[in-house]
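What follows is a short report on a single structure.
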Amino acid sequence: MRTFLLLLSVLGSACAGKAAQLAMQGDQQLLRERPAGSAQSARAAQPVLILALDGVSRPLLYDMIRRGELPSFSALLGEEAYFDDSFLSALPSTTMPAWVTTMTGVDPAEHGVTGNEYFVRETQTLACPAPVSFQDSAPTLSIYTDHYLDKLVEVPTLYERLRKQQPDIQIWVSMNHLFRGADKLLMAKRSLIAKAMIGLIDVPKSKAKTSRKVFANLDVAAIDSVVDHLAKETTKPDVMTVYISGADLYAHIAEEGPESARREYLREVVDPALAKLVAELRAQRMLDRMWTFVVADHGHTAVVHDAPHALGAQDGPPSVLAGAGFAVRPFKQDVDANDPYSAVLAYGGATAYVYLADRSQCASPKQPCSWKLPPRYQEDVLVAAEAFYRANLDGTNAPEMKGTLDLVLTRKPRPFAETDLPFEVYVGDGKTVPVDDYLREHPHPTYVRLAERLRGLAVGAHGERAGDIMLLTHNGDRDDKERRFYFAAEYRSWHGSPSRDDSEIPLIVANHARRKDEIASWVKHVLGDDPDQRKVTDLVLGIQAQWQ
C-alpha cells in the first residue's frame with residue numbers, strides 16, 4: 001500500500017484522482033444487476049473464451065505454438081484447432097479502433113472509434129482513450145473508472161448483441177477496454193493496474209534499459225483474478241474475454257526490439273500464467289466443451305528511438321499547418337472553448353489525422369472557429385494537403401518533414417451527418433488519384449488491401465473522424481528501421497500502417513469436441529472474402545445457430 005500511495009503522490013491531480021478511484025473499486029465491477037430470482041446465466045452447453053492478445057503478430061504466435069514453445073496455449077487449444085492464415089487488422093492497425101472493431105463487428109467508420117485519439121467535430125472534443133500526441137494517463141484510466149471507451153462507441157457491442165440473442169447470458173470481461181453489455185469487469189490487483197496503466201501512457205523518454213516487470217505483473221495478476229473468480233463463483237460465465245496487454249506494451253519500449261521482446265514475453269510470462277487458467281477450466285469441466293478464440297489487434301514494426309524519427313516529438317507537423325495559415329489546437333485533451341484553432345492534429349504511430357475548419361467562419365486570428373460546418377475543399381483542404389506534400393518533398397515550412405511521408409490522403413469534405421467519401425492520394429498541385437490507381441503506378445508490396453481497408457475507416461456514418469487529411473509515414477513500406485518515421489513520442493516500436501507486419505493477426509478457433517476440418521469449413525464460410533476483425537463478432541454470434 002505504501003508503494004501505491006507514493007505512486008499517487010507523484011502524479012498530476014487528474015491522473016491521481018483516476019488512480020485512486022480505480023483502487024477503491026477493487027478487483028471487479030458488477031456491470032449488470034439481475035432481479036432477485038431471475039436466471040443467472042444461459043448455462044451454455046458450449047461456453048466461449050476470447051483470448052485477446054494485444055500486439056501479437058500472426059506469424060510470430062503461430063510459429064511459437066507449432067514449435068512447442070507455448071505448451072499452455074497448446075493445452076488450451078487442443079489438437080484440432082484451426083489456424084487461419086488470412087485474418088487482418090482494421091485500419092489503422094492500432095489498439096482502440098482494432099479492439100472496438102473486433103467487439104462490435106463493424107468498421108471504424110461505423111462504430112466511430114477511428115484511432116487511439118481522434119477529433120469529434122459535432123462536439124468539438126478530442127476523444128483520446130489512449131493518448132499519443134501528449135502524455136496523460138487519466139484518459140486511459142477513465143476507461144475503467146468512468147467507462148470512457150464504452151461511451152465513445154456508437155453501435156451495439158458484441159456483448160449487447162449476445163444479450164439480445166440470449167437474455168440470460170452471463171458475460172465476464174477481464175481488463176479489455178470495451179465491456180458495455182457484460183455482467184462483470186474483472187480486474188488485476190488495484191495497485192498493479194495503476195502502476196501499469198501509468199507505465200503504458202508515460203513511456204520512458206530516456207534510452208535507458210526498460211524493465212518488463214510492471215507489465216508482466218499486470219498480466220499475471222489479471223489472469224489470476226479470472227482463475228480466482230472461476231474457482232469461487234457459483235455462476236460460471238457463458239462468454240468470457242481475457243485481455244493480455246503486456247506483449248504490446250513492452251514491445252513499444254523494449255531495447256531488444258519488438259520481435260525478441262514479444263517472443264520472450266509470450267514464452268516467459270503469458271504461457272506460464274495461462275497454465276493456471278487451463279488448469280482451472282479443466283477443474284470446472286469447461287475446457288473440453290468450450291469454444292476458444294485466440295485473436296489479436298495488430299502487429300509491430302521496429303523504429304528508431306530518437307527525435308528525428310519521432311515526428312510527434314518535433315514541431316514539424318504543426319509548423320506545416322502554421323505555414324499554410326492554420327492555427328493548431330494544443331496537444332491536450334481539453335482546451336479553452338474560446339481557443340481560436342482552425343486545425344487539429346491527432347497522432348497514431350504510422351498515421352496522423354488532420355481536421356480542418358472552414359476558415360471563412362473565423363477570419364479574425366482571435367475568433368473561435370465553428371466546427372459544425374465542413375471545411376472548404378479548395379481554400380482549406382487542398383491548401384493543407386499541398387503544404388504537407390511540399391514539406392515532404394523539399395521541407396517547406398518544416399525541414400525535418402522532408403522525406404518522412406509515404407502518402408498524403410484527402411477527399412472532398414461532407415457535413416458530419418452525411419456518409420463520407422473515400423480517401424484519394426494527393427499528388428500535388430490540387431490533384432488527387434484513386435488509391436488503387438496510384439498503387440498500380442507505385443506498387444507497395446508490403447501493404448495489404450489498402451483501398452478496401454481505407455474505405456472501412458473513412459466511408460460511413462462517422463468516417464469524418466478519420467480527418468479531412470490522413471498522413472501515412474514511411475514506416476511499414478520500408479525494411480530499414482533507420483528510414484522509418486512515426487507520429488508519437490520516442491519509442492522503439494510502433495504500428496498503425498497497412499503493412500503485413502502491422503496487419504497480419506492471428507485467428508485461432510478451437511473446440512476439443514470438434515474436428516479441425518469442420519471448424520475450418522465453418523470459419524472460412526463466415527469470413528468469406530473479408531477475413532478481418534469484424535468477423536470475430538459474427539463467429540461468436542453464430543455459435544448458437546451453427547453448433548448448439
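The values are calculated or read from the model by the stated rules, or taken from the named source; none is laboratory data. Predicted, not measured: the structure shown is a model, and the values here were computed from it. Glycine also receives a Cβ, built like all others from the backbone with ideal geometry; neighbour counts cover every protein chain displayed. Protein only, heavy atoms only, side chains kept; ligands, DNA and RNA dropped before computing areas. Shrake-Rupley method; radii C 1.70, N 1.55, O 1.52, S 1.80 Å.
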Quiz item: Considering region 368-398 alone, what residues qualify as being more than 16 Å from residue 327 (Cα to Cα), in contact (Cβ under 8 Å) with a residue 60 or more places away in the chain and more than 30 Å from the chain's Cα centre (by Cα)?
Solution: 396
Exercise. Hey, can you tell me all the residues within region 253-273 that are part of a helix (DSSP H, G or I) and at pLDDT below 95?
Key: 253
Quiz item: Of the conditions (1) more than 22 Å from the chain's Cα centre (by Cα); (2) open to solvent by 60 Å² or more (accessible area, probe 1.4 Å), residue 421 fails just one. Which one is it?
Solution: (2)
Practice problem: Out of the residues in region 400-430 that are free of Cβ contacts under 8 Å to residues at least 60 places away in the same chain and not in a loop (DSSP other than H, G, I, E, B), state the one that is farthest from residue 323 (Cα to Cα). | Solution: 424
Practice problem: Just give me the residues in region 431-474 being open to solvent by 10 Å² or more (accessible area, probe 1.4 Å) and in a strand (DSSP E or B), in sequence order. | Solution: 431, 432, 433, 434, 447
Quiz item: For region 64-84, what are the residues that are closer than 15 Å to residue 279 by Cβ and in contact with a Leu (Cβ under 7 Å, 6 or more places away or on another chain)?
Solution: 72, 73, 76
Quiz item: Among the listed residues 344, 303, 335, which satisfies the condition of being modelled with pLDDT of 95 or more, surrounded by fewer than 21 Cβ atoms within 10 Å (Cβ to Cβ), among the β-branched types (Val, Ile, Thr) and at negative phi?
Solution: 335
Quiz item: Does region 346-361 contain at least one residue that is of a type outside the set (A, V, I, L, M, F, W, C), in a strand (DSSP E or B) and over 30 Å from residue 492 (Cα atoms)?
Solution: no
Self-check item: Residue, nearest to residue 71 (Cα to Cα), within region 276-299, restricted to residues that are assigned to a helix (DSSP H, G or I) and of a type in the set (A, V, I, L, M)
Solution: 278
Exercise. Output the residues belonging to region 505-546 that are open to solvent by 30 Å² or more (accessible area, probe 1.4 Å) and hydrophobic (A, V, I, L, M, F, W, C).
Key: 513, 526, 545
Practice problem: Those residues that are hydroxyl-bearing (Ser, Thr, Tyr) and either buried (at least 18 other Cβ atoms within 10 Å of the Cβ) or closer than 22 Å to residue 132 by Cα (or both), I need them from region 348-406; list them, please. | Solution: 351, 353, 355, 389, 396, 404
Practice problem: Would you mind stating whether residue 27 is closer than 18 Å to residue 229 by Cβ and either among the aromatic types (Phe, Trp, Tyr) or touching a residue at least 60 places away in the same chain (Cβ under 8 Å) (or both)? | Solution: yes
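hydroxyl-bearing (Ser, Thr, Tyr), under 30 Å from residue 405 (Cβ atoms) and either modelled with pLDDT under 95 or in contact with a Gly (Cβ under 9 Å, 6 or more places away or on another chain) (or both): does that describe residue 292?
The answer is no for residue 292.
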Quiz item: Which fully enclosed helices (runs of 4 or more DSSP H) of region 33-104 have 2 or more residues being open to solvent by less than 10 Å² (accessible area, probe 1.4 Å) and under 30 Å from residue 151 (Cβ atoms)?
Solution: 95-102
Quiz item: If you go through region 33-75 one residue at a time, how many are among the small types (Gly, Ala, Ser), more than 28 Å from the chain's Cα centre (by Cα) and at positive phi?
Solution: 2
Practice problem: Could you grab the pairs with beta carbons closer than 8 Å, sequence gap of 6+ or different chains, first residue in region 152-168 and under 12 Å from residue 182 (Cα atoms) and in a loop (DSSP other than H, G, I, E, B), second one open to solvent by less than 70 Å² (accessible area, probe 1.4 Å) and at pLDDT below 95? | Solution: 168/38; 168/39; 168/41; 168/42
Quiz item: Of all the residues that make up region 105-119, how many are surrounded by 22 or more Cβ atoms within 10 Å (Cβ to Cβ) and assigned to a loop (DSSP other than H, G, I, E, B)?
Solution: 8
